[in-house]
Every structure is written in structure tokens, then in C-alpha cells.
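Once you've had a glance at the structure underneath, I'll fire off some questions.
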Amino acid sequence: MVKAVVGANWGDEGKGKITDMMAEKADIIVRFQGGANAGHTIVNCYGKFALHTLPSGVFYGHTTSVIGNGVALNIPVLFKEIQSIVERNVPMPKILVSDRCQIVMPYHILFDQYEEERLGGRSFGSTKSGIAPFYSDKYAKIGFQVNELFDEEGLEEKVKNVCALKNVTLKYLYNKPEIDPKELLETLHEYRQMIEPYVCDVSSFLNQALKDGKTILLEGQLGTLKDPDHGIYPMVTSSSTLAAYGAIGAGIPPYEIKQVVTVCKAYSSAVGAGAFVSEIFGEEADELRRRGGDGGEYGATTGRPRRMGWFDCVASKYGCRLQGTTDVAFTVLDVLGYLDEIPVCVGYDIDGQVTTEFPVTHLLEKAKPVLKTLPGWKCDIRGITKYEELPENCRNYIEFIEKQIGYPITMISNGPRRQDIIYRESPLKK
Ligand code: GDP
């Protein structure tokens, strides 16, 4: 059976920890979209790791880690990531990379930088990992699939053609140095060597695994609000962040996805530009940022300070709906223990009308948060393992949010470690 772990919001909800935890009972963990532009932070017995490309299951001996065809694969980044974990005494993980996965080329990264430079103040706040140029090329049908590295004749020809195309833009739009096709071909030969041991027909492998009764975990990156169709377009990422896309990005039948665990953080954070209705500023935001996550809310890839806000029921209800949520994992709740009172965004005021339906972007930009303040619990809840043992105000906070979003909160994460998890029976799950 297939389970998915995905985000309800802007990303950084703590998916890495939930995936790492659920990986204990899984056989195969699959990344199905995105690239090395975001990361997961994982704390386990080997130490603290920021993963950008490898699935969060790499720390277990019993799992196979799969990079699906939907991923934007940066081969040197993957190679370095494997080295860096093995250097820190993690046993060499079993890794498979789809032969249909497309490759992030060195020029994608350059184009990302050049475009941000060109846009200046109007930029999207890209992490400059080449993801947007990569997916543009994929759908313009000038991308390179991993299997093409092994067709020397075709590769040489394609490199020539693509360079001719790219060099026009480099010269006339960006006024930057052109790409030398020979040099690019050499780089691709190096990529071929790096990736060769891992290449596999992933879709076929996964379909056989399903026949054998294995458990497959799909690991999402970012969250619903960064989805190119359903998110805050154009301040979105370039591949779908929805569980449904897991079927495509891994090459499995959609009806095999039986459980969708949507991760919601107990407060909000976002990176990059775009509307963020429940955002807070100043000392209030600084304090939450300092105390947030595990050692502060700073980007796992870029180290950028994250934008902070209160929990947003409107965005999260929408985020859960689009994911097809069967279970909500409510994370980082322990961090809120310092607050006397906790504001929660329960509606959006748009031109004097209050709504709980998440609007399209131009209306979202006008939305003002309608806040309701709940009493805090003023204590440290780390170490608690039973739902009934949580302070009453803490349970009230969870139950209030569950009612607002309308999806069952069945897991509560009260610390960064695997074992910091409280399972709960939800009245919404019969
Ligand atoms: P992801 O991309 O969704 O995996 O999110 P991040 O990598 O940004 O993870 C959020 C951060 O919160 C990481 O530093 C985790 O170690 C940490 N974390 C996850 N769950 C919890 C939790 O329940 N409590 C605390 N305090 N930290 C958590």
C-alpha cells in the first residue's frame, strides 16, 4: 500500500520528521517532485541532517530510497549528499534513481540567477537552484532524462541543439557568457559516471513492490500553497506539491494511495515572497522565529530567516482539502508553550466580507486576518506521550483547530525527535 506525507501550507511544516518516523514501518520511500531547492531537517541517532534530494528514509537499513521521475535531479548535489551522510557513519543507503528523471543542468542554475538579477526588486525570491528554468525546459521538451546520458550519439546532437537555443538568450537577453557544447558534454559524462550505479526503471520496480505487498511512502516537498495550480500563483514552485501528483511523479496507479498524511505546523512560517495573511512582525515574530522548529526558523537550504505568522485555519483547511487528507499530523506544538495567549486566524476579511474559503491570489492580497485568541498552556509539553496528559488548554487548541479545518488530527508532534509523537483518536475519523 502507498502512503503520502505532504504539506498543507508553504512548506517547512515538519514533513521530514514525520516521514522519518513513518519510514520505520515502510519498505520504500519515494521523492516524487521538486528538487534541491528546499530541504528537510532530520534529527536522529546519527546527528542532525539537512537533506535536499535524498528521501528522509535513508537513515534506516531496511528501506530503499527512490528518486522518482517527477524530481528535478541535481546529480552533483545528490552525489555529495550521499557522501556526506556516509562520512558521518550512516550505512550506505540503497538508492534508486528513475531512468526517466530529468537532470538539472548547470545552465539552469545560471538562468535562475540571471533572471532574478533581471527582475531585480520584482523577483520571486527563488532559491536559485535552477528549478524554474528546469521545469520550463521539461515542458518545452528540451530537458534531458537520465537515460539519455547513456545514448552517446543522441546526447551529443541534443547538447548542440540546446546550446544553440540557450546561447541566444544568454547573449541577447542576459548579456552573459555563452555555453560551450564540448564542455557541457564533458560535464554530462561526469554526471553519467556519478549516477550509473543507481539508475533503474522505477515505475516497474514500484509496481512489483506493490504486488509483493510492500509499503511505499511518498515524500512531498513544500506544501499545497506552493502548488503551481492550486497555490498562490505566481509565488509558487514549479512542480505539483500535491499527493495526487505522487502517482505521476513515481509512476504508480493513483488508486494505490490509501493514506494521505498532511502535515500542519501549530503556527505558520513561509519563505520567499507572496501573500501571507496571518503574518506577524517585529519582536513578536522574532521571538517565535527564535523559539521555532529545532533551533529557530531559518531555511534548511538557504539559512534565510523565515517569515512568521499565527496558525491559519483558512489556508490549512484549503491545504488539507487539496491534498485529500486522511490524517493531519500537527507539528511543533511544543514551541507555543511560552505564550500567555495564542491568536489563530479563523477567517479572511476581504473588502469588509469575511470568508473561510481560501481565495485566488488577487483577492488573497487584499485579505486581512480575522483572529481569535485562545488561552496558552504555559508549560513544556515535550516528553508527554499520551493525549490525555496534555494540558487542557493545549488540547483545546488542538480541538479548536481540528473543528476549523475539518480534517482529523491523529498525530501531534511535540519535539524534533522520532519518538516525540502523540497518537490521538479523532472524532472526525470513524
Ligand atoms: P520540512 O521541510 O517540512 O521537513 O520542515 P523543516 O525541515 O523545516 O522542519 C521543521 C523543523 O522543525 C526542523 O528543524 C525539525 O527538526 C523541527 N521539528 C519537527 N517537528 C518538531 C516538533 O514537533 N517540535 C519541535 N520543536 N521541532 C520540530
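Looking at (1) in contact with a strand residue (DSSP E or B) (Cβ under 6 Å, 6 or more places away or on another chain); (2) modelled with pLDDT of 95 or more; (3) surrounded by fewer than 23 Cβ atoms within 10 Å (Cβ to Cβ), which one does I67 not meet, given that it meets all the others?
(3) is the only condition that I67 fails.
If only one of G57, G121, G154, G61 is closer than 30 Å to R417 by Cα and surrounded by fewer than 17 Cβ atoms within 10 Å (Cβ to Cβ), which one is it? It would help to see each step written out before you state the result.
Working: G57 fails: surrounded by fewer than 17 Cβ atoms within 10 Å (Cβ to Cβ); G121 fails: closer than 30 Å to R417 by Cα; G154 fails: closer than 30 Å to R417 by Cα.
When all the criteria are applied, what remains is G61.
How many residues are touching a Pro at 6+ places or on another chain (Cβ under 9 Å) and free of Cβ contacts under 8 Å to residues at least 40 places away in the same chain when one looks only at the range 400-424? It would help to see each step written out before you state the result.
In the first step, residues of the range 400-424 are kept if they are touching a Pro at 6+ places or on another chain (Cβ under 9 Å); the result is 402, 408, 424.
Still in the running and free of Cβ contacts under 8 Å to residues at least 40 places away in the same chain: 424.
Result for the range 400-424: 1.
Residues that are of a type in the set (K, R) and over 22 Å from the mean Cα position of the chain (by Cα): find the helices (runs of 4 or more DSSP H) completely inside the range 88-169 holding 3 or more of those.
Details: elements: 106-119, 131-139, 152-169.
Filter on the range 88-169 gives 152-169.
Is there a residue in the range 280-300 that is of a type outside the set (D, E), touching a residue at least 24 places away in the same chain (Cβ under 8 Å) and within 20 Å of K403 (Cβ to Cβ)?
no
Cβ-Cβ under 6 Å, sequence separation 6+ or interchain: first residue in the range 372-387 and without any contact (Cβ under 8 Å) to a residue 40 or more places away in the chain, partner within 12 Å of the ligand (Cβ to nearest atom) and of a type outside the set (S, T, N, Q). Which pairs?
Y387/I422
Are there any pairs, at least 6 apart or on different chains, whose C-beta atoms fall under 7 Å, with the first in the range 18-43 and closer than 20 Å to V104 by Cα and the second aromatic (F, W, Y), and if so, which?
F32/Y245; Q33/Y245; G35/F134
Could you tell me which residue of the range 42-51 is nearest to the ligand (Cβ to nearest atom), considering only residues that are surrounded by fewer than 20 Cβ atoms within 10 Å (Cβ to Cβ) and either part of a strand (DSSP E or B) or modelled with pLDDT of 85 or more (or both)? Write out each step before concluding.
Just the residues of the range 42-51 that are surrounded by fewer than 20 Cβ atoms within 10 Å (Cβ to Cβ), to begin with: 43-48, 50.
With the extra rule that they be either part of a strand (DSSP E or B) or modelled with pLDDT of 85 or more (or both), the set shrinks to 43-44, 46-48, 50.
Values: V43: 5, N44: 10, Y46: 14, G47: 12, K48: 8, A50: 7 Å.
Residue satisfying both the conditions and the ranking: V43.
What do you reckon, is G293 touching an Asp or Glu at 6+ places or on another chain (Cβ under 8 Å), on the phi > 0 side of the Ramachandran plot and in a loop (DSSP other than H, G, I, E, B)?
Values: touching an Asp or Glu at 6+ places or on another chain (Cβ under 8 Å): yes; on the phi > 0 side of the Ramachandran plot: yes; in a loop (DSSP other than H, G, I, E, B): yes.
The answer is yes for G293.
Can you tell me which residue in the range 294-313 is surrounded by the most Cβ atoms within 10 Å (Cβ to Cβ), limited to those that are within 12 Å of the ligand (Cβ to nearest atom) and modelled with pLDDT of 85 or more?
It comes out as E297.
Mind counting the residues in the range 139-162 that are within 27 Å of T241 (Cα to Cα) and without any contact (Cβ under 8 Å) to a residue 40 or more places away in the chain?
Filtering the range 139-162 down to residues within 27 Å of T241 (Cα to Cα) leaves 139-148.
Now drop any that are not without any contact (Cβ under 8 Å) to a residue 40 or more places away in the chain, which leaves 139-142, 148.
Looking only at that region, the number is 5.
Checking S84 against (1) among the small types (G, A, S); (2) in a loop (DSSP other than H, G, I, E, B); (3) free of Cβ contacts under 8 Å to residues at least 40 places away in the same chain: exactly one of these is not met. Which one?
For S84, the exception is condition (2).
Regarding E81, is this residue over 26 Å from M1 (Cβ atoms), within 16 Å of the ligand (Cβ to nearest atom) and of a type in the set (D, E)? Explain how you work it out, then say what you get.
Details: over 26 Å from M1 (Cβ atoms): yes; within 16 Å of the ligand (Cβ to nearest atom): yes; of a type in the set (D, E): yes.
Against the criterion (over 26 Å from M1 (Cβ atoms), within 16 Å of the ligand (Cβ to nearest atom) and of a type in the set (D, E)), E81 qualifies.
Could you pull out the residue among K226, K265 that is farther than 24 Å from D137 by Cβ, in contact with a strand residue (DSSP E or B) (Cβ under 9 Å, 6 or more places away or on another chain) and either surrounded by 18 or more Cβ atoms within 10 Å (Cβ to Cβ) or in contact (Cβ under 8 Å) with a residue 12 or more places away in the chain (or both)? First the steps, then the outcome.
Numbers: K226 fails: farther than 24 Å from D137 by Cβ.
Result of the check over K226, K265: K265.
Further question on the same structure: Search the range 321-337 for residues being in a helix (DSSP H, G or I) and within 15 Å of the ligand (Cβ to nearest atom), and hand back the single one that is farthest from the chain's Cα centre (by Cα). Full working, then the answer.
Narrowing the range 321-337 to residues in a helix (DSSP H, G or I): 321-323, 333-337.
So of that shortlist, the ones also within 15 Å of the ligand (Cβ to nearest atom) come out as 323, 333-337.
Numbers: Q323: 13, L333: 20, D334: 22, V335: 21, L336: 23, G337: 26 Å.
Out of the qualifying residues, it is G337.
Name the residue that is farthest from the ligand (Cβ to nearest atom), counting only residues in the range 10-31 that are under 10 Å from the mean Cα position of the chain (by Cα) and in a loop (DSSP other than H, G, I, E, B). Steps first, please.
Within the range 10-31, the subset under 10 Å from the mean Cα position of the chain (by Cα) is 10-16, 31.
Keeping just the survivors that are in a loop (DSSP other than H, G, I, E, B) gives 10-14.
Details: W10: 10, G11: 6, D12: 4, E13: 5, G14: 4 Å.
Applying the filter and picking the extreme gives W10.
Among the listed residues S238, S278, S204, which satisfies the condition of being among the small types (G, A, S) and under 30 Å from A164 (Cα atoms)?
On the way: S278 fails: under 30 Å from A164 (Cα atoms); S204 fails: under 30 Å from A164 (Cα atoms).
S238 is the lone residue from the list that is among the small types (G, A, S) and under 30 Å from A164 (Cα atoms).
What's the total number of residues in the range 204-256 that are closer than 22 Å to H62 by Cβ, among the polar types (S, T, N, Q) and out of contact with any Asp or Glu (no Cβ under 8 Å at 6 or more places or on another chain)?
3
Output the residues belonging to the range 262-287 that are aliphatic (A, V, I, L, M) and either within 12 Å of the ligand (Cβ to nearest atom) or assigned to a loop (DSSP other than H, G, I, E, B) (or both). Walk me through it before giving the result.
In the first step, residues of the range 262-287 are kept if they are aliphatic (A, V, I, L, M); the result is 263, 266, 270-271, 273, 275, 277, 280, 285.
Correct list: V263, A266, A270, V271, A273, A275, V277.
Sort out which residues of the range 383-405 are loosely packed, with under 14 Cβ neighbours inside 10 Å and of a type outside the set (V, I, T), and write them in order of number. Working first, answer last.
Taking the range 383-405 first, the residues loosely packed, with under 14 Cβ neighbours inside 10 Å are 383, 385-386, 388-389, 392, 403.
Of everything in the range 383-405, those that are loosely packed, with under 14 Cβ neighbours inside 10 Å and of a type outside the set (V, I, T) turn out to be G383, K386, E388, E389, E392, K403.
Among the residues of the range 346-360, is any in contact (Cβ under 8 Å) with a residue 60 or more places away in the chain and out of contact with any Ser or Thr (no Cβ under 8 Å at 6 or more places or on another chain)? Spell out the reasoning first.
In the first step, residues of the range 346-360 are kept if they are in contact (Cβ under 8 Å) with a residue 60 or more places away in the chain; the result is 348.
Narrowing further to those that are out of contact with any Ser or Thr (no Cβ under 8 Å at 6 or more places or on another chain): none.
Within the range 346-360, none of the residues are in contact (Cβ under 8 Å) with a residue 60 or more places away in the chain and out of contact with any Ser or Thr (no Cβ under 8 Å at 6 or more places or on another chain).
The values are calculated or read from the model by the stated rules, or taken from the named source; none is laboratory data. Small disclaimer: the values here were computed from a predicted structure and weren't measured. Neighbour counts are summed over all protein chains in view; Cβ atoms, including those assigned to glycine, are modelled from backbone coordinates with ideal geometry.
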